[in-house]
Ligand SMILES: [Zn+2]
Ligand SMILES: [Zn+2]
Ligand SMILES: [Zn+2]
């Protein structure tokens, strides 16, 4: 076993805000620790949990349809037909923000806290906070 395949989940866990400091929480379900203020927040989202548990996906090797059976992501899966192992990963959310200088839309992966971005179109640097 050398190459492990990664398959991205179809269902994204919605982004949540820390009720304590209003920054974005790391994407996930269950007990999530705020990276900004260290508050522990319990994130539940029943429709997403149900979608994740019943998510069906084709085996990356033999295309047999498998059911995840858990809301854990990432989770190790084993194909019942061809016995290969692969990892079903969390779907990452991207958000669109406008460059304050040229108003070009940039698609970025949000992360908690403030970071500096460079617009690829006009090279302006600006800060974004989630
Ligand atoms: Zn916080
Ligand atoms: Zn298979
Ligand atoms: Zn720009």
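A few remarks follow.
- Residues that are without any contact (Cβ under 8 Å) to a residue 40 or more places away in the chain, within 30 Å of residue 78 (Cβ to Cβ) and not in a loop (DSSP other than H, G, I, E, B) within region 1-46 comprise 30, 31, 32, 43, 46, listed in sequence order.
- Just one of the numbered conditions (1) loosely packed, with under 14 Cβ neighbours inside 10 Å; (2) more than 17 Å from the chain's Cα centre (by Cα) is not true of residue 31: (2).
- Comparison of 88, 66 shows that the only residue that is free of Cβ contacts under 8 Å to residues at least 40 places away in the same chain, within 16 Å of ligand 2 (Cβ to nearest atom) and crowded, with 17+ Cβ neighbours inside 10 Å is 66.
- Of all residues making up region 34-56, the number that are surrounded by 13 or more Cβ atoms within 10 Å (Cβ to Cβ) and in contact with a strand residue (DSSP E or B) (Cβ under 6 Å, 6 or more places away or on another chain): 2
- Selection within region 103-117 - surrounded by 12 or more Cβ atoms within 10 Å (Cβ to Cβ) and without any contact (Cβ under 8 Å) to a residue 24 or more places away in the chain: 104, 106, 108, 115, 117
Bear in mind that the values in this text are calculations on the coordinates, not laboratory data. Computed from a prediction, not measured in an experiment: that's the story for all the values here. No Cβ is skipped: glycine too gets one built from the backbone with ideal geometry, and neighbour counts run over all protein chains shown.
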